[in-house]
């Protein structure tokens with residue numbers, strides 16, 4: 001009987017530690033698993049570029065222009081640029097009318113972009129810019 005109580009108490013403590021760990025970082029076990037999975041890569045449509053809605057293409061072009069202007073003006077407040085890029089990204093999502101596999105491929109493109117924008121700094125601005133320039137490799 002005492003052995004069963006000790007076992008139950010130990011199991012309860014172990015469960016509490018796991019829950020505390022998950023809550024402390026603000027993510028569930030499923031979210032941790034998502035982070036460890038490789039992001040899907042964008043592919044072409046049998047060697048051809050996907051047709052994107054104009055609002056998406058305009059949004060990507062606006063992001064490219066914002067980074068070019070930021071660098072040309074030798075600005076250093078990355079939070080302002082980040083906010084601008086997040087606004088364009090949000091508009092792209094809101095105005096997306098794409099369907100089917102073209103839509104899926106667009107999201108394969110956008111997920112890594114969003115992660116880069118969320119972490120925008122002087123360290124990765126060039127990689128964000130280069131990534132945005134690959135849009136035309138996959139979409140028209």
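Expressed as a rounded percentage, what relative contact order does segment 29-140 have, with Cα pairs under 8 Å and six or more residues apart?
Relative contact order of segment 29-140: 45 percent.
Using 0.36 nm per residue, how much length does the chain from residue 76 to residue 55 gain when fully extended, once their Cα-Cα distance is taken away?
Gain in length upon complete extension: 4.7 nm.
Once label points are set 7 Å from the Cα along Cα→Cβ at both residue 41 and residue 91, what is their separation, rounded to one decimal in nm?
For residue 41 paired with residue 91, the spin-label model returns 3.2 nm.
At 7 Å along the Cα-to-beta-carbon direction for both residue 68 and residue 121, put a label point, then send me their distance in nm to one decimal.
Each label point lies 7 Å from its Cα, and together they span 2.8 nm.
State the Cα centre-to-centre distance between segment 119-137 and segment 63-88 in whole Å.
11
Work out the P(r) tail for segment 28-133: percent of alpha carbon pairs separated by more than 24 Å, whole number. Before the final figure, lay out the partial values.
On the way: 1669 of 5565 pairs.
In whole percent, the long-distance tail amounts to 30.
How much FRET efficiency would the formula 1/(1 + (r/R0)^6) give for residue 99 and residue 133, where r is the Cβ-Cβ distance and R0 is 35 Å, rounded to 0.05?
0.85
Taken together, the values in this text are just the output of simple stated rules run on the coordinates, not laboratory data. Everything quoted here is computed from the prediction, not taken from an experiment. Because the Cβ atoms are built from the backbone with ideal geometry, glycine has one as well, and the counts that use them run over all protein chains shown.
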